[in-house]
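Everything below concerns the one structure shown next.
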Amino acid sequence: MKVAVIFADGTEEIEALTPVDVLRRAGLRCDIISVSGKTPTGSHGIRVFADGVAEETDFSSFDAIVIPGGMPGAVNISENTAVVSAIKTALKRRKLVAAICASPAVVLAGNGLLPCDSATCYPADAFISLLGDKYSGKDVDISGNIVTANGPLSAVKFAFAICEKLGLKPKF
């Protein structure tokens, strides 16, 4: 099993790197795929060495796509046509798509890619309004093949929910 975690300049590092760590502990191949070159810098100045860049990645080989939040990281991800196309295809193929913080609103809802009954996001009015009546206000929301979470404090819960949906348990 293989998971892509998307990373951009301005991504919230804890929301990206916590799932990478937990998913790798569960035995998954988890690649960091950047929309901002080979060494993007997160919202707190942490530089990450990506395993690949979005425009050169074959997303069809991944079983799940994880989309961290952070600003302007979520906006940078939402504007990347390769990633948006990969998410559309993943949803059509009923693959797991997981987004946290601003990304359920900015990346998924903002691109018309939230075909689920309920979702959560960072509790800012601008993000909640993008989710509309789908907003649940939960820390983590699982609806069909979509996992969403509300922000940095839920990063570990988010990572464990992804593992649960993939039928895996991380080893600590």
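Coordinate-derived values only; no laboratory data. As the structure is a computational prediction, the values presented were derived from the model and not from experiment. Reconstructed Cβ throughout: ideal geometry from the backbone, glycine too, with neighbour counts over all protein chains shown.
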With only Lys, Arg, Asp and Glu charged, each at its Cβ (+1 for the first two, -1 for the last two), find how big the charge dipole of region 1-130 is about the Cα centre; round to the nearest 20 debye. 460 debye
Once you sort the root eigenvalues of the Cα gyration tensor of region 78-172 as a ≥ b ≥ c, which label holds: rounded (a/c under 1.5), prolate (a/b larger than b/c) or oblate (the other case)? oblate
What percent do you get for the relative contact order of region 2-165 when only Cα pairs under 8 Å and 6+ apart count? 22 percent
Bridge type composition, region 1-150 - antiparallel percent by DSSP, nearest 5: 20 percent
If amide hydrogens are placed 1.01 Å from N in the peptide plane, which non-local residues have theirs closer than 5 Å to the one on SER143? THR148
Per the Debye formula with a single identical scatterer at each Cα and no solvent contribution, what log10 I(q)/I(0) holds for the chain at q = 0.19, 0.20 Å⁻¹? -1.20, -1.35
Of the listed peptides 18-28, 97-107, what is their order by residue-averaged count of other C-beta atoms within 10 Å, with the highest listed first? 97-107, 18-28
With the Cα gyration tensor of region 1-63 giving a ≥ b ≥ c as the square roots of its eigenvalues, does the rule (a/c under 1.5 for rounded; else a/b larger than b/c for prolate; else oblate) give rounded, prolate or oblate? oblate
Positive-end residue, region 2-165 charge dipole about Cα centroid, Cβ charges, pick of ALA98, GLY132, GLY69: ALA98
Can you list residues whose amide H is under 5 Å from TYR135's amide H, if they're 5+ apart or on another chain and H is modeled 1.01 Å from N? ALA119
Here the Cα Rg-to-2.2 N^0.38 Å ratio for region 47-123 is 1.05
If the cut-off is a Cα-Cα distance under 12 Å, which aspartates and glutamates reach LYS95, setting aside same-chain residues fewer than 8 apart in sequence? ASP63
